[in-house]
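Every number here is computed from the coordinates shown, using simple stated rules; none is lab data. What you are looking at is a predicted structure, and each value in this text was computed from that prediction instead of being measured. Note that each Cβ is placed from the backbone with ideal geometry, even for glycine, and that neighbours are counted across all protein chains shown.
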Protein chains: 2
Amino acid sequence: MSESGAGGACPPKVLAELREFLAIPSVSTLPEHAGDVRRTAEWLCARLRGLGMDAVTLHETPLHPIVRADWLKAGDRPTVLVYGHYDVQPVDPLNEWASGPFDGDVRGDFIYARGASDMKGQLFALLKGLEALRDAGEAYPVNLKFLLEGAEEIGSQHLPEFMDANRDALACDVVLNCDAGVHAPDTPSIVYALRGLAYFELEVRTLGHDLHSGLFGGSVRNPIHVLAEALAAMHDADGRVTLPRFYDRVRPLDAEERALIGETPFSKRDWLAMTGAAALQGEKSYTTMERVGARPTLEVNGVWGGFTGQGAKTVLPARASAKLSMRLVPDQRPEDMEDLLREFLETTLPGDVFWDLKCHSLGPGAVMNRKSPFMCAAADALEAAFGKSPLFKREGGSVPVVAFFQQKLGVDSIMLGFALPDDGIHGPNERQHLPTLMRGVGVYADFLRRVGTLGARPTGD
Amino acid sequence: MSESGAGGACPPKVLAELREFLAIPSVSTLPEHAGDVRRTAEWLCARLRGLGMDAVTLHETPLHPIVRADWLKAGDRPTVLVYGHYDVQPVDPLNEWASGPFDGDVRGDFIYARGASDMKGQLFALLKGLEALRDAGEAYPVNLKFLLEGAEEIGSQHLPEFMDANRDALACDVVLNCDAGVHAPDTPSIVYALRGLAYFELEVRTLGHDLHSGLFGGSVRNPIHVLAEALAAMHDADGRVTLPRFYDRVRPLDAEERALIGETPFSKRDWLAMTGAAALQGEKSYTTMERVGARPTLEVNGVWGGFTGQGAKTVLPARASAKLSMRLVPDQRPEDMEDLLREFLETTLPGDVFWDLKCHSLGPGAVMNRKSPFMCAAADALEAAFGKSPLFKREGGSVPVVAFFQQKLGVDSIMLGFALPDDGIHGPNERQHLPTLMRGVGVYADFLRRVGTLGARPTGD
């Protein structure tokens, strides 16, 4: 714990509770943390019961449990389904963290922990917003349903089937998705479009077993060379993805949309400072905000093969592997991506190489109606709290569940959360700006109040 | 231990002693094994004392100790310096070993262990050859000096300075280097030329820290992409290394040498079976035996970056790395290689990328006189034991010490050892063919007897 006074916007009791939530290492991708993921779900159930929610239940899935709860005493007022995820990403590289990734160390205005921003912090702010409504003696202004999952960071694999099986129970007018952020502490924003995601793992094998590179090098294929050539061939000199048909279904950006994206303040200097890069780089003829928000990308997320320890080993390895993912925009279909990657590999890899492609996850992107009454309620709540109207943004990240809600339940999601772009999510030293999070508590309460005034079943037009 | 009768060529007592030697995990590149490396040196000292050697000493170096010993009672007969190394390569990938890498499991005619072939097995056979001479009641037929190092697998870094500092003590007529093998159990061979080695580690960094690939991917450089492109650019479609000046000093193969190399029996089927490759591949216009023995190569020995765990992590990593090594032929100079690799990287890597190149080791190659009396003594001893005269081979591996002996002490080395090409050295399930090793015991004794008959200071012509 840092010196008293740090994180000042946040009362000590609230901070202690947030740190308790962050302390549970709910890393969904690592089997050894399955118990921690469950403990986190149970922690949430206890909080929801404390807030007077009914039917608080853990639903088992083949992976991690789904938390459900309802409060349906608002008559014919709108029903808001709160979506969130309580799982987090792995913490490696651990040695780059300045404090333990589950310590919730507070330095200045920030709390540092895996999940502080993505997205335990946001879920926590929402719970505090509900607490504020309850403590004000108000009945909740809308009907509430909760759907909190523990497998978002690994692709929300079992959520679509859960939605199919519970369509009636999940019926709602709008989804409040807290897995979101604002542009800056003084600049509110609402994301109205998200990219899809397709995540793969490729293994290339050229040999039966590792060999001595001096005795056999130069006579048979080195799988690292083969893999490097394939990865290098995936982009051209203009930063475009070279996989045939990759751009076939991409909906072109129209002038209105490019203008809207152009409104997002962008500083090259800030972007370089935030990333530590020496230069901007990306697909030719697009701006940085278009590249990360509105254009599809392909990135290699990991690579490994051969000797990676200290010192020297003269090995010719048998195999080499890479993890790679694509971010997809309307109207690309994730399910097409595996086929076209496979085709690319078939034509690019030498015919005498053994290879295996595994698909880890496929999630569609989504674009929401920027002018619906729910979107307006969110914009108004943000404007009231921040003193200016929010930017409307397309975002580079992927929240496949937004598309699932559109497809399965026929409802849009309002992306309302209080992460900041430089929170370092998925990396070391992930953090959350506490004053912004505390502001979010009020925004959540205000948003629900405003939605409560919309009356029954307002439509999107 | 496998069923009795396995490894039949080797008496149980001898086998037990060999397994004791193999059991000490003398992995020189891993600091946690430094104590094991020393224990192995001490094990050898005890054996040398048992064989009646004088002045058995451990010489400290900044890395691992050098074992020295002498027996100088053969008057004006030739002095043979026995060179060997008692360190071994790391054992990863551990899960691909069928038995513990230090268990010395015997299956059929083979003993399986790290170092069984490279080269504890060979050193052991030499000790047994000396024991045979001693047990026959003979004085040793030549003067003997021992120089056994513990850092060969990491580049023999401190050996040249040790040679400089001990030039007189190491003076000899010829070096017997046991770090060698034969072509097949029924085909003896002598390696008369070795390739040099230059080993590097490259790190490419494009970001200050790991980032979320959805939020930042497509806007800044991915270091894995940058690394893959650089690695892919190191070879052309004809399998030639593209680094400028790489081939500048390569001595062209003349017709006599190509004919000699052509005499080595080569079976494409056996080569594919031995490597598990689906096809031969390499520099155009050269045969496989030329590619691995007489032409320089560049191989990536390891690559890593980003997320390499189970499952999916959507990270844009800050850095990516590779280990790479070059095998060099006459008259390439290892010390030129760092410069030309650096120049290649400077022109190939984008200017806005941070990179760092470390040199792990540089070792020259060597070509020996195929017609010296010592070479003839070795050839005759092999012919006597195997019933046919040996092939003379150029080899792809690197034994930099051979060049050091030429440069520092002015003597050639006789590469006489009993490893086989498919022993899997440096990989999992390294093994040694026990009948061939036992045959080697007799060859070593016979070789020394034959050298003893050459009289004082025979010259190489």
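What value, in deg cm²/dmol to 500, does the helix sum -39500 (n - 2.57) over DSSP H runs of n ≥ 4 give at 222 nm once divided by the residues of chain A?
On the way: 14 runs with 145 residues, N = 461.
Helix-only estimate at 222 nm: -9500 deg cm²/dmol.
Got the A:P31 label distances to the other copies yet, label 7 Å along Cα→Cβ, in nm, shortest first?
Label point to label point, same position, other copies: 3.3 nm.
I need the peptides B:137-145, B:372-380, A:436-444 ranked by packing, meaning the mean over residues of other C-beta atoms within 10 angstrom, with the highest value on top.
A:436-444, B:372-380, B:137-145
Shielding by partners for A:355-367, please: the mean number of other protein chain Cβ atoms within 10 Å of each residue's Cβ.
Taking all residues of A:355-367 together, the mean is 1.
Over all Cα pairs of chain B, how is the pair count split among 20 Å bins, expressed in % and running from 0 up to the last occupied bin?
Spelled out bin by bin, chain B gives 23, 55, 20, 2 percent.
Beta carbons within 10 angstrom, averaged per residue: use that to sort the peptides B:84-94, A:32-42, highest first.
For the peptides B:84-94, A:32-42, the packing ranking is B:84-94, A:32-42.
What is the helix-to-structure angle for B:434-452, meaning the angle in degrees between its Cα long axis and the longest Cα principal axis of chain B, kept from 0 to 90 and rounded to the nearest 10?
Helix B:434-452 and the main axis of chain B meet at about 60 degrees.
From the mean inverse distance of alpha carbon pairs (Kirkwood) and the Cα radius of gyration, derive Rg over Rh for region A:251-292.
On the Cα set of region A:251-292, Rg over Rh gives 1.00.
Hey, got the average number of other protein chain Cβ atoms within 10 angstrom for residues in A:293-299?
Mean partner-chain Cβ count within 10 Å for A:293-299: 5.
How do A:T206, A:T287 rank when sorted from fewest to most other Cβ atoms within 10 Å of their own Cβ?
A:T287, A:T206
Put a dot 7 Å past each Cα toward the Cβ at A:H59 and A:S99; how far apart are the dots in nm?
Placing both labels 7 Å beyond Cα along the Cβ direction yields 3.7 nm.
Based on Cβ point charges of +1 for Lys and Arg and -1 for Asp and Glu, what charge dipole magnitude is obtained for chain B about its Cα centre, in debye rounded to the nearest 20?
On the way: 47 positive and 62 negative charges, 100 e Å.
Computed charge dipole of chain B: roughly 480 debye.
Taking every DSSP beta bridge with both residues inside the protein assembly as shown, roughly what % is antiparallel (nearest 5)?
In the protein assembly as shown, approximately 70 percent of DSSP beta bridges are antiparallel ones.
On C-alpha positions alone, give me the angle between the axis of helix A:12-22 and the longest principal axis of chain A, in degrees, nearest 10.
40 degrees
Treating only the Cβ atoms of Lys and Arg (+1) and Asp and Glu (-1) as charged, compute the dipole magnitude of the protein assembly as shown about its Cα centre; round to the nearest 20 debye.
Details: 94 positive and 124 negative charges, 10 e Å.
Using only the charged Cβ atoms, the result is roughly 40 debye.
With r as the distance between the Cβ atoms of B:E138 and B:D164 and R0 = 41 Å, compute the FRET efficiency 1/(1 + (r/R0)^6) and round to 0.05.
0.75
Which of B:C178, B:L94, B:N166 sits closest to the plus end of the dipole of region B:36-189, meaning its Cα is farthest towards the positive end, when Lys and Arg get +1 and Asp and Glu get -1 on the C-beta?
So the residue we want is B:N166.
By its C-alpha gyration tensor, with a ≥ b ≥ c as the square roots of the eigenvalues, how is region B:130-205 shaped: rounded for a/c under 1.5, else prolate for a/b larger than b/c, else oblate?
oblate
Looking at region B:82-181, send over the antiparallel percent of its DSSP beta bridges, to the nearest 5.
On the way: 3 of 9 bridges.
Of the beta bridges lying entirely in region B:82-181, close to 35 percent run antiparallel.
I want to verify the translational diffusion coefficient of the protein assembly as shown in µm²/s; compute it with Stokes-Einstein, Rh as the Kirkwood radius over Cα pairs, at 25 °C and 0.890 mPa s. All intermediate terms of the calculation are to be shown ahead of the outcome.
Working: Rh = 31.0 Å.
Estimated via Stokes-Einstein, D reaches 79 µm²/s.
Just tell me how shielded A:315-324 is by partners: mean number of partner chain Cβ atoms within 10 Å of each residue's Cβ, no decimals.
On the way: counts 11, 8, 7, 7, 1, 4, 2, 6, 10, 3.
Going residue by residue through A:315-324 and averaging, the value is 6.
Too long at a 25 Å Cα-Cα cut-off: which of A:K323/B:K323; B:K120/B:K393; B:K284/B:K408; A:K268/B:K313?
B:K284/B:K408; A:K268/B:K313
Arranged by the count of other C-beta atoms within 10 angstrom, fewest first, what order do B:F386, A:F418 take?
Details: B:F386 19, A:F418 31.
Least crowded to most crowded, the residues run B:F386, A:F418.
About the Cα centre of region B:226-323, what is the dipole size in debye to 20, counting +1 per Lys and Arg Cβ and -1 per Asp and Glu Cβ, all else neutral?
400 debye
First check a/c for region B:228-268, with a ≥ b ≥ c the square roots of the eigenvalues of its C-alpha gyration tensor; if it is under 1.5, answer rounded, and if not, answer prolate when a/b is larger than b/c or oblate otherwise. Write down the numbers at each step before the final one.
Working: a/c = 4.75, a/b = 1.76, b/c = 2.70.
Oblate, since a/c reaches 1.5 and b/c is not below a/b.
Where a Cα-Cα gap under 23 Å defines reach, which lysines qualify for A:K388, not counting those fewer than 8 residues away within the same chain?
Those lysines meeting the cut-off are A:K371.
By per-residue mean of other Cβ atoms within 10 Å, what is the highest-first order of A:20-26, A:227-233?
Those peptides, ordered most packed to least, come out A:227-233, A:20-26.
Label region B:167-307 by shape, choosing from rounded, prolate and oblate, from the square roots a ≥ b ≥ c of the eigenvalues of the Cα gyration tensor; if a/c is under 1.5 it is rounded, and otherwise prolate applies when a/b is larger than b/c, oblate when it is not. Display every interim value, and only then the final one.
Working: a/c = 2.33, a/b = 1.83, b/c = 1.27.
Prolate.
Copy-to-copy spacing for B:E138, label 7 Å out on the Cα-to-C-beta vector, in nm, shortest first?
Relative to the other copies, B:E138 has label-point distances of 10.3 nm.
Please name which of B:L345, B:A379, B:P364 has its Cα lying farthest along the dipole of region B:331-406 towards the positive end, using unit charges on Cβ (Lys, Arg +1; Asp, Glu -1) and the Cα centre as origin.
It is B:A379.
Could you tell me which residue out of A:A193, A:G262, A:F246 lies farthest along the dipole of region A:166-268 toward its positive end? Charges go on the beta carbon: Lys and Arg +1, Asp and Glu -1, centred on the Cα centre.
A:F246
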